[in-house]
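Everything below concerns the one structure shown next.
The values are calculated or read from the model by the stated rules, or taken from the named source; none is laboratory data. As the structure is a prediction and not an experimental result, all values here were calculated from the model. Glycine gets a Cβ as well: all are built from the backbone with ideal geometry, and neighbour counts include every protein chain shown.
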Amino acid sequence: MAERRHPRTGLTSRAANPVLTTEPAPDANEWHHTLWARTVNSGIAP
């Protein structure tokens, strides 16, 4: 892969961004469910 240079920062990148090229894990949204459960259990939300 060719080296790419960001036009504003001048930083270089040799690889694709793994955040944009990989599928999310099956439990990627688990934190949201955990946070909501804690909120409901503490009485903050009905």
Which numbered condition Arg38 misses (of (1) at pLDDT below 80; (2) outside any loop (DSSP other than H, G, I, E, B)): (1)
Looking at the structure I just gave you, is Thr12 hydroxyl-bearing (Ser, Thr, Tyr) and either modelled with pLDDT under 70 or surrounded by fewer than 10 Cβ atoms within 10 Å (Cβ to Cβ) (or both)? yes
